[in-house]
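Working notes, structure below.
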Amino acid sequence: MSTSKPIALITGGAGGMGVAIARVLAPDYQLLLADLHADRLASTVALLGEDDIVAQTQVLDVADADSIAALVARMRDMGPLGAVAHTAGVSPTMASGEVIMKVNLKGSTLLMDALRPLVTTGTAAVLIASQAAHFARATATPELTRVLADPLAADLEDQINAIDSNLLSDSGFAYGVSKYGVMLLALREAAAWGPLGGRVVSLCPGIIDTSMARQEMEASEHMQMIIDNSPAKRLGLPEEIANTVRFLVSDDASFITATDILVDGGSTQFLLQMIAQSATS
């Protein structure tokens, strides 16, 4: 059943960022939370309900075209698409390099392809990438950038391995490459959505205080070093990502598209300095 409010689709809607985004978008949108885990969705709806926030849910595997098709069919019956906050993804400690590429990059591409017919004047999408994407971009060869521009190629993994076998065998490298691909996807989709009245940007968080980030920090001392040497010298908060998303999908950001937004407390600059120093040493 449709209402007068447009839809805000939040993938990864049961995660820390997803819940924070749902809270800030609730006043202006019908919330549709999509996540792989039905039990987590149910818990999230109950949590939001404590603050009188109503949300609908859809179980979604972003790496599965049929699952995405079911989501889009559901959305057609709800009303116009106003906003997309695509936070779904897997991190280095959660999966192999191949799975990371399948979920983070191929899944994002399948989702954006499927959503394009729903785009109308004012629709805005924010694709959550990562500061790791900037690391990957800084070290990427032109050939890798070209390969990532066609993420649904049947031999994508073979093409990446031909460039550098470490990129997929190391899940950390794979994560950065997959998120660099998401940045490139946002640029391509912005060009496709523009004539339809829509906008697309990527948003690269730094290290945000979520359960996923805490898990990664336990596995890597490097992350704490980045925080300690950043201007902010702290973790970011999910609410800081959510507030940025709220702005980016609003009419106040109507001239912002085809770009990347860093929300990282300045830590990416430290990371890039490390890359530059290692390249000259």
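The values are calculated or read from the model by the stated rules, or taken from the named source; none is laboratory data. Values in this document were obtained by computation on a predicted structure and should not be read as measured data. Here the Cβ is made from the backbone with ideal geometry for all residues, glycine too, and neighbour counts use every protein chain on show. Please note that ligands, DNA and RNA were not included when accessible areas were found on the heavy atoms of the full protein model with its side chains. Shrake-Rupley method; radii C 1.70, N 1.55, O 1.52, S 1.80 Å.
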Leu185 vs. criteria open to solvent by less than 70 Å² (accessible area, probe 1.4 Å) and assigned to a helix (DSSP H, G or I): yes
Scan of segment 235-264 for residues that are under 20 Å from Met217 (Cα atoms) and either out of contact with any strand residue (DSSP E or B) (no Cβ under 6 Å at 6 or more places or on another chain) or assigned to a helix (DSSP H, G or I) (or both), ordered by number: Leu235, Leu237, Pro238, Glu239, Glu240, Ile241, Asp264
Residue within segment 271-280 that is open to solvent by less than 20 Å² (accessible area, probe 1.4 Å), more than 18 Å from Val84 (Cα to Cα) and of a type in the set (S, T, N, Q) present: no
Where Asp52 falls short, out of the listed (1) over 17 Å from His86 (Cα atoms); (2) surrounded by 14 or more Cβ atoms within 10 Å (Cβ to Cβ); (3) without any contact (Cβ under 8 Å) to a residue 12 or more places away in the chain: (2)
Every residue from segment 127-145 that is of a type outside the set (A, V, I, L, M, F, W, C), more than 16 Å from the chain's Cα centre (by Cα) and surrounded by 13 or more Cβ atoms within 10 Å (Cβ to Cβ): Arg137, Thr139, Glu143, Thr145
Set Asp158, Asp170, Asp150: member being on the phi < 0 side of the Ramachandran plot, open to solvent by 50 Å² or more (accessible area, probe 1.4 Å) and more than 21 Å from the chain's Cα centre (by Cα): Asp158
Out of Ile241, Ile261, Ile227, sole residue that is within 13 Å of the chain's Cα centre (by Cα), of a type in the set (Val, Ile, Thr) and more than 30 Å from Arg146 (Cβ to Cβ): Ile241
Index of the failed condition, Ala133 passing every other in (1) closer than 30 Å to Gly266 by Cα; (2) in a strand (DSSP E or B): (2)
